[in-house]
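Encoded as structure tokens, the structure appears first; notes follow it.
Derivation of every value follows stated rules applied to the coordinates shown; laboratory data play no part. This structure is a prediction, so every number in the text was calculated from the model and none was measured. As a convention, Cβ positions derive from the backbone with ideal geometry for all residues, glycine included, and neighbour counts pool all protein chains shown.
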Amino acid sequence: MQPTISVITISFNDVVGLRRTRESVTSQKGARIEHIIVDGGSTDGTKSLLSTLVGVDWTSCPDNGRYDAMNRGIARAKTDLIWLMHAGDTFGDDYTVQKVIRSYVQEEWSWAYGFCRIMDPSGVMIGFGGFAPFDIRRFALGESVIPHQAAIFERQLHQQVGGYDEKFGLAADQLYMLKLAKLRSPYVIGEFLCNFDGNGAGSVRGKWPHFADMNRSRKLASVTVSGSSLIDRILSLGLFLATAVKARAKKLL
């Protein structure tokens, strides 16, 4: 029997982006998808759009932010696999979900991630996210980022980890995946699994907040790379400085 999958979309006052995501979900071929939409009580016409959708499990009411909405959406899921695809995000192509399900069956992973295209408002690719092979040291120190919208995980594993920390802040997705990685190493799917907005909050944020968040993540997840949290912080600082110098040099060329 083919594994089942839920695509969970959170939205707030982005009716255009939500419509684009919904069209991407319905365009997927060779896969049955449970689409769950959790809207934060939008006032831009989103609720009118939601009322026209067929075969969608949706709700629209105020929430306590993106991670509260994501936890609520996952709690509604009844499938084997979970995929978070926010309003405005789209799949890499029309067979992406089918390829992921095939990979899950063949490779028997508990969670996996792929690559993402970073898009500008006009739909032009301006960069990409993801790294391979997976290395928990690089990830935990902040050198490498897992694109959340290109990550898929078993619902049972989510229940074991306990969901997203709603009080952590913007990088709660990276904390969540660090907790996952501590339990099971992810399988890397060598495909562009999603396209997401390069102007989003996580994409335009500075480098230092990310490294600082990963310092906090290691502490909360009880993960050490060197065996010493102090040495880990020094290593992380070194990586940040190297990244900053490289970025500066690139601008000067």
Applied in sequence order to region 225-242, the curve 6.51 cos²θ - 1.76 cosθ + 1.60 (Karplus, θ = phi - 60°) yields integer Hz couplings, x standing for Gly and Pro, of 8, 9, x, 9, 5, 5, 5, 4, 5, 5, 4, 5, 4, x, 5, 4, 5, 5
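Can you tell me the length gained on complete extension of the stretch THR59 to ALA132, counting 0.36 nm per residue apart and subtracting the Cα distance?
Values: separation 73, 0.36 × 73 = 26.28 nm, distance 3.65 nm.
Net length gain for the segment: 22.6 nm.
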Separation of the GLU23 and ARG76 label points, Cα + 7 Å toward Cβ, nm:
2.3
Okay, which of region 219-249 sit inside 17 Å, backbone N to the point 7 Å along the Cα-Cβ direction of SER185?
224-226
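Any chance you could run the full-extension gain for SER110 through LEU237? It's 0.36 nm times the residue separation minus the Cα-Cα distance, nm to one decimal.
Details: separation 127, 0.36 × 127 = 45.72 nm, distance 3.16 nm.
Full extension from SER110 to LEU237 adds 42.6 nm.
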Hydrodynamic calc, the chain: Kirkwood Rh from Cα pairs, then Stokes-Einstein at 37 °C with viscosity 0.692 mPa s, so D in µm² s⁻¹ is 174
Lys/Arg Cβ at +1, Asp/Glu Cβ at -1, dipole of the chain taken about the Cα centre: which of GLN149, GLN2, GLY238 is farthest positive-ward?
GLY238
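So what is the 222 nm mean residue ellipticity for the chain from helices alone, if each DSSP H run of at least 4 adds -39500 (n - 2.57) and you divide by all residues, rounding to the nearest 500 deg cm²/dmol?
So the calculated ellipticity at 222 nm is -13000 deg cm²/dmol.
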So if I take the centroid of the Cα atoms in region 16-39 and the same for region 65-110, what is the distance between those two points in Å?
11
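Any of LYS99/LYS207; LYS99/LYS219; LYS179/LYS207; LYS167/LYS207; LYS167/LYS246; LYS29/LYS78 with alpha carbons more than 26 Å apart? Name them for me.
Details: LYS99/LYS207 33 Å; LYS99/LYS219 35 Å; LYS179/LYS207 22 Å; LYS167/LYS207 21 Å; LYS167/LYS246 32 Å; LYS29/LYS78 21 Å.
Result: LYS99/LYS207; LYS99/LYS219; LYS167/LYS246 exceed 26 Å.
Can you list the equivalent-ellipsoid semi-axes of region 1-80, largest first and in whole Å, using the square root of 5 times each Cα gyration tensor eigenvalue? Present the calculation step by step, with values, prior to reporting the outcome.
Values: eigenvalues 90, 48, 17 Å².
Those come to 21, 16, 9 Å.
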Intensity falloff of region 1-40 expressed as log10 I(q)/I(0), Debye formula with alpha-carbon point scatterers, at q = 0.14, 0.16 Å⁻¹:
-0.34, -0.43
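Find how much the distance from MET125 to ARG102 grows on full extension, using 0.36 nm per residue of separation minus their present alpha carbon separation; answer in nm with one decimal.
Numbers: separation 23, 0.36 × 23 = 8.28 nm, distance 2.67 nm.
Roughly 5.6 nm would be gained on extension.
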